[in-house]
Amino acid sequence: METKRVIIKDAAYPRDEELMEAAQVLRGGGLVAFPTETVYGLGGNGLDEDAAEKIYRAKGRPSDNPLILHIAAMEELEPLVEDIPEGARRLAARFWPGPLTMIFPKSKIVPYGTTGGLDTVAVRMPADPTARRLIALAGVPVAAPSANTSGRPSPTTADHVWQDMEGKIDLLVDGGPVGIGLESTIVDVSGPVPAILRPGAITREMVEEVLGTVEVDPAVAGPMAEGTAPKAPGMKYKHYAPKGELTLVRLKEETVRELRRPGSTLYVQVQSALAAFGMSLGRPFAQLDLESFYMARKVDEAARQMEQTGASVGVICTDETMAVYKTCLKRSIGKRAQADTVAHNLYGVLREMDDLGVQYIYSESFAQDHLGFAVMNRLDKAAGHRILAV
Ligand code: AMP
Ligand code: MG
């Protein structure tokens, strides 16, 4: 199949003429990849089982992993669901359109082919103007998982989509790079207690502000115990992963404690190493705290050890820590002090490591609050939970 690429001149103000053909393809049962504020989506008519089947095939995705339906207006939610709980209405009022997906009991018109056989359906109203206008023009709920080959990092640029989907889909709407760079937050509102099944840019703190406390599905935190199933079926697959073997380097709690205790042996040692490092640069090096400096040193150590075996090794660091590394191949993922830059660059850097043929990747880790919770969730999954605690 030949894939057509339609470039949107100004993605903030897409013109209907630019989206008409894509809308037609969706209505006719074909596949269209398009930008959203989270990642690029691979869209098909969500009420058409055959279109869903095509999506699974193009992605190579297991068919028990359900799709998210995307809508353009609140009235479009009602026909898709059995019930809209009060909490869901409040979340929608606050965060829709936006990077929040909610799980509802499904109505009869939603085929099991799009819900992976579940009696629930995931729905989101994206904020991206191109996505939203396209969905409105299509006039159907658009089932759209991330537009990557299953298991690869999600696409945050049209080129990423092209790499994975060229020849497999009808059309790519090229709206430039996405804004957020991580998939939507998923909140299950179908049960008695709302639960976060996948963290994202709508953070736990933000959801709790609206709902009071929410649960976090245990699958989000780490590897599932044998025999238990995560509530979001997709979370059980090795996800977001680069081809190289990724190791996430984290500080042990006791290390953090020591580094925060002036006068401890470790504190004194790392403090003087940081001062010496600053001197070696010939300028004061004020932008690094002890913890980040220590972590960067440890990541560098592990990477260089692996380099000595002759393997090709890459490091994922940050703007602040970049200068600490002696490792050859290093890529900054963003600013440690600005989690949104890290979220935005994460998948692009993982894909770049693939393009460079890197066999082993070592990454710094991040604080787990707010957006950092979602970043660490994706890094942890990409690493297959391979963690080096230092
Ligand atoms: P993606 O489309 O790649 O962002 O993945 C969609 C995610 O939503 C996967 O992790 C799915 O398992 C999850 N999901 C979709 N529908 C449901 C549902 N009805 N119940 C629970 N999780 C869902
Ligand atoms: Mg995905």
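The values are calculated or read from the model by the stated rules, or taken from the named source; none is laboratory data. Note that the coordinates shown come from a computational prediction; the quantities given were computed from them, not determined experimentally. Note that each Cβ is placed from the backbone with ideal geometry, even for glycine, and that neighbours are counted across all protein chains shown. Just the protein is used for accessible areas: all its heavy atoms, side chains included, with ligands, DNA and RNA removed. Shrake-Rupley method; radii C 1.70, N 1.55, O 1.52, S 1.80 Å.
General observations
- For region 126-144, the set of residues classified as closer than 15 Å to V39 by Cα and surrounded by fewer than 24 Cβ atoms within 10 Å (Cβ to Cβ) consists of A127, P129, R132, listed by residue number.
- Residue among G181, G200 that is on the phi > 0 side of the Ramachandran plot, part of a loop (DSSP other than H, G, I, E, B) and not hydroxyl-bearing (S, T, Y): G181
- The single condition from (1) without any contact (Cβ under 8 Å) to a residue 60 or more places away in the chain; (2) crowded, with 23+ Cβ neighbours inside 10 Å that L379 fails is (1).
- Among the residues here, A296 qualifies as touching a Phe, Trp or Tyr at 6+ places or on another chain (Cβ under 9 Å) and either within 28 Å of G200 (Cα to Cα) or at pLDDT below 95 (or both).
- Of all residues making up region 311-353, the number that are polar (S, T, N, Q), open to solvent by 10 Å² or more (accessible area, probe 1.4 Å) and over 21 Å from the mean Cα position of the chain (by Cα): 1
- Region 124-154 - residue that is in a strand (DSSP E or B) and more than 16 Å from P233 (Cβ to Cβ) and, of those, nearest to ligand 1 (Cβ to nearest atom): R124
- Qualifying residue in region 31-47 (condition: open to solvent by 50 Å² or more (accessible area, probe 1.4 Å), in contact (Cβ under 8 Å) with a residue 40 or more places away in the chain and within 25 Å of G200 (Cα to Cα)): no
- Screening A72, A122, A93 for residues that are open to solvent by less than 20 Å² (accessible area, probe 1.4 Å), under 25 Å from the mean Cα position of the chain (by Cα) and away from ligand 2 (no atom under 16 Å from the Cβ) leaves exactly one candidate, A72.
- Helices (runs of 4 or more DSSP H) within region 1-112 that include 3 or more residues under 29 Å from D217 (Cα atoms): 49-59, 86-95
- Residue list for region 147-172, restricted to those being open to solvent by less than 20 Å² (accessible area, probe 1.4 Å) and under 23 Å from T115 (Cα atoms): A147, N148, P153, S154, P155, M165, I169
- Within region 91-110, one or more residues are small (G, A, S), within 20 Å of S146 (Cα to Cα) and out of contact with any strand residue (DSSP E or B) (no Cβ under 6 Å at 6 or more places or on another chain).
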